[in-house]
Amino acid sequence: MASPVDFNDASRQAINKLIQTIKPSKESVERRYGVQEYVRKIIARCFAPEQVNAYMFGSVPLRTYLPDGDIDLSVFCSQEVAQSMRDTWALKLQTVIEQEQAAGNAPYRIGDVTVINAEVKLLKCLVDNIVVDISFNQMGGLVTLNFLEEINSLIGNSNIFKRSIILVKAWCYYESRLLGAHHGLISTYALETLVLYVFNKYHGSIDSPLAVLYNFLVEFSSFDWDHYCLSLLGPVPLKDLPSAHVDMALAPSDTLLQCDSRLADSLARFKSEMASCRADMKGRAFVIRCLNIMDPLLPNNNLGRSVVRSSFARIRRAFGHGAALLRGIASKVRGLEPHC
């Protein structure tokens with residue numbers, strides 16, 4: 001349990017100003033929506049006359065991306081069409097995008113078109129100097145987006161959930177270089193789940209994104225990752241997996257999910273929707289890694305699986321150092337305040 005730290009108004013205002021500076025601007029949003037619309041048209045043209053569409057998911061539609069954040073698009077089509085193009089879509093689309101690149105009259109500059117044969121196959125390219133990641137039939141990404149959007153709406157308080165995600169992402173990316181699944185570090189969805197856990201456990205004392213960041217750093221620098229998996233409801237012993245039963249001796253009490261039935265209902269509804277669209281995950285084992293974070297919508301999916309052992313120790317040290325730094329700043333600021 002994180003010891004309460006009282007950040008003064010000046011500290012909170014400074015952080016709010018920082019968030020205002022780095023959060024998506026109107027111009028940035030318009031630029032990214034222009035890029036994604038252009039790529040969507042290329043995708044539709046590539047697979048015509050089949051009815052193939054592409055939709056954004058992730059941080060751009062959620063409006064929680066950092067200034068140099070990328071665009072996530074997924075290609076969707078009927079089940080019959082999907083069966084015929086599942087193995088060939090990426091190379092076919094790569095050819096069409098490269099033709100567009102060579103044409104010389106494209107409205108946006110295109111570069112670095114690459115197919116990555118990872119756990120989820122990606123076509124990665126640069127459009128207007130923005131990274132665009134294109135995947136195939138990733139319905140789970142859309143479900144997750146809608147879930148996080150609804151959670152933010154239910155928590156309210158001037159989008160404090162989204163503002164906290166932006167702040168924590170900024171700290172992890174710019175301050176400590178801990179973000180990036182493709183680099184063996186923390187994925188964006190894993191980070192968002194950790195932030196949601198902080199809201200669930202500490203909702204009674206959260207009054208600002210700064211408080212969220214502090215509780216995030218304290219909680220996860222001291223969490224017993226060697227013996228437990230973190231679920232939204234509390235720690236789950238690794239030895240008990242694949243059971244998702246929380247160790248009740250360590251489970252947080254009076255949580256947000258317990259206090260607000262709307263959030264609990266939302267979680268249950270999206271969990272059911274995810275199970276329906278990810279039937280391929282049914283019966284699959286939870287893969288234990290050095291950092292284990294249970295997907296709140298798909299319990300056998302380990303959101304921490306991208307983190308490699310060499311990064312894990314650095315992540316824990318960075319969390320501990322960040323928590324101590326914030327604690328020291330709060331103490332120093334209080335000491336400098338005038339006493340009446």
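Would it be correct to say that Ala313 is assigned to a loop (DSSP other than H, G, I, E, B) and free of Cβ contacts under 8 Å to residues at least 40 places away in the same chain?
No.
Can you pull out the residues in segment 246-291 that are closer than 15 Å to Thr144 by Cα and assigned to a loop (DSSP other than H, G, I, E, B)?
Arg278
Inspect segment 152-170 for any residue being free of Cβ contacts under 8 Å to residues at least 40 places away in the same chain and closer than 17 Å to Asn302 by Cβ and give the result as yes or no.
no
Which of (1) within 19 Å of the chain's Cα centre (by Cα); (2) over 15 Å from Asn302 (Cβ atoms) is the odd one out, the single condition Cys229 does not satisfy?
(2)
For Ala48, only one of the following conditions fails: (1) more than 27 Å from Leu303 (Cβ to Cβ); (2) crowded, with 17+ Cβ neighbours inside 10 Å; (3) not β-branched (Val, Ile, Thr). What is its number?
The failed condition is (2).
Determine which single condition Leu297 fails, assuming it passes every other condition in (1) part of a loop (DSSP other than H, G, I, E, B); (2) among the aliphatic types (A, V, I, L, M); (3) open to solvent by 70 Å² or more (accessible area, probe 1.4 Å); (4) in contact (Cβ under 8 Å) with a residue 12 or more places away in the chain.
With respect to (1) part of a loop (DSSP other than H, G, I, E, B); (2) among the aliphatic types (A, V, I, L, M); (3) open to solvent by 70 Å² or more (accessible area, probe 1.4 Å); (4) in contact (Cβ under 8 Å) with a residue 12 or more places away in the chain, Leu297 is out only on (3).
Matching residues to (1) of a type in the set (Phe, Trp, Tyr); (2) touching a Pro at 6+ places or on another chain (Cβ under 7 Å); (3) closer than 16 Å to Ile155 by Cβ; (4) open to solvent by less than 60 Å² (accessible area, probe 1.4 Å):
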site: Ser187; (1), (2), (3), (4): no, no, no, yes
site: Ser205; (1), (2), (3), (4): no, yes, yes, no
site: Ser243; (1), (2), (3), (4): no, no, no, yes
site: Ser272; (1), (2), (3), (4): no, no, no, no
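Please give the helices (runs of 4 or more DSSP H) falling wholly within segment 1-70 in which 1 or more residues are of a type in the set (Lys, Arg) and closer than 20 Å to Phe161 by Cα.
Numbers: elements: 9-22, 26-47, 59-62.
Where helices (runs of 4 or more DSSP H) fall fully within segment 1-70 and carry at least 1 residues being of a type in the set (Lys, Arg) and closer than 20 Å to Phe161 by Cα, they are 9-22, 26-47.
If you take the residues of segment 51-91 that are among the small types (Gly, Ala, Ser) and surrounded by fewer than 18 Cβ atoms within 10 Å (Cβ to Cβ), which of them is farthest from Leu142 (Cα to Cα)?
Ser84
Would you mind stating whether Leu267 is open to solvent by 80 Å² or more (accessible area, probe 1.4 Å), touching a residue at least 12 places away in the same chain (Cβ under 8 Å) and of a type in the set (A, V, I, L, M, F, W, C)?
no
Anything in segment 1-54 that is among the aliphatic types (A, V, I, L, M), over 22 Å from Arg109 (Cα atoms) and touching a Leu at 6+ places or on another chain (Cβ under 8 Å)? List them, or say none. Reasoning before the result, please.
Initial filter on segment 1-54 (among the aliphatic types (A, V, I, L, M)): 1-2, 5, 10, 14-15, 18-19, 22, 29, 35, 39, 42-44, 48, 52, 54.
After this cut, where a residue has to be over 22 Å from Arg109 (Cα atoms) as well, the list is 1-2, 5, 10, 14-15, 18-19, 22, 48, 52.
Of everything in segment 1-54, those that are among the aliphatic types (A, V, I, L, M), over 22 Å from Arg109 (Cα atoms) and touching a Leu at 6+ places or on another chain (Cβ under 8 Å) turn out to be Val5, Ile15, Leu18, Ile19, Ile22.
Return the residues of segment 71-96 that are part of a helix (DSSP H, G or I) and either touching a residue at least 12 places away in the same chain (Cβ under 8 Å) or of a type in the set (Gly, Ala, Ser) (or both); say none if nothing qualifies. Reasoning before the result, please.
To start, the set of residues in segment 71-96 that are part of a helix (DSSP H, G or I) comprises 79-85, 89-96.
Within segment 71-96, Val81, Ala82, Ser84, Met85, Trp89, Ala90, Leu91, Lys92, Leu93, Gln94, Val96 qualify.
For segment 221-245, give me each residue that is in a loop (DSSP other than H, G, I, E, B) and at pLDDT 95 or above.
Phe223, Asp224, Trp225, Asp226, His227, Leu232, Leu233
Being of a type in the set (A, V, I, L, M, F, W, C), within 13 Å of Leu62 (Cα to Cα) and surrounded by 18 or more Cβ atoms within 10 Å (Cβ to Cβ), is that true of even one residue in segment 162-179?
Yes; the residues of segment 162-179 include at least one that is of a type in the set (A, V, I, L, M, F, W, C), within 13 Å of Leu62 (Cα to Cα) and surrounded by 18 or more Cβ atoms within 10 Å (Cβ to Cβ).
Given (1) over 14 Å from the mean Cα position of the chain (by Cα); (2) at pLDDT 95 or above; (3) under 23 Å from Ile71 (Cα atoms), where does Leu148 come up short, assuming only one miss?
Just one mismatch for Leu148, condition (1).
Report yes if Val113 is crowded, with 19+ Cβ neighbours inside 10 Å, more than 18 Å from the chain's Cα centre (by Cα) and not in a loop (DSSP other than H, G, I, E, B), otherwise no.
When the stated conditions are applied, Val113 passes them.
If you take the residues in segment 6-45 that are more than 26 Å from the chain's Cα centre (by Cα) and among the aliphatic types (A, V, I, L, M), which one is surrounded by the most Cβ atoms within 10 Å (Cβ to Cβ)?
Among those residues, the one meeting the criterion is Ile42.
Limited to segment 67-99, what total is found for residues that are among the small types (Gly, Ala, Ser) and out of contact with any Leu (no Cβ under 8 Å at 6 or more places or on another chain)?
Result for segment 67-99: 4.
The values are calculated or read from the model by the stated rules, or taken from the named source; none is laboratory data. Quantities reported herein were computed from a predicted structural model and do not represent experimental measurements. Positions of Cβ are generated from backbone atoms using ideal geometry, with glycine treated the same way; all protein chains shown enter the neighbour counts. Keep in mind that these areas ignore ligands, DNA and RNA; they rest on the heavy atoms of the full protein, side chains included. Shrake-Rupley method; radii C 1.70, N 1.55, O 1.52, S 1.80 Å.
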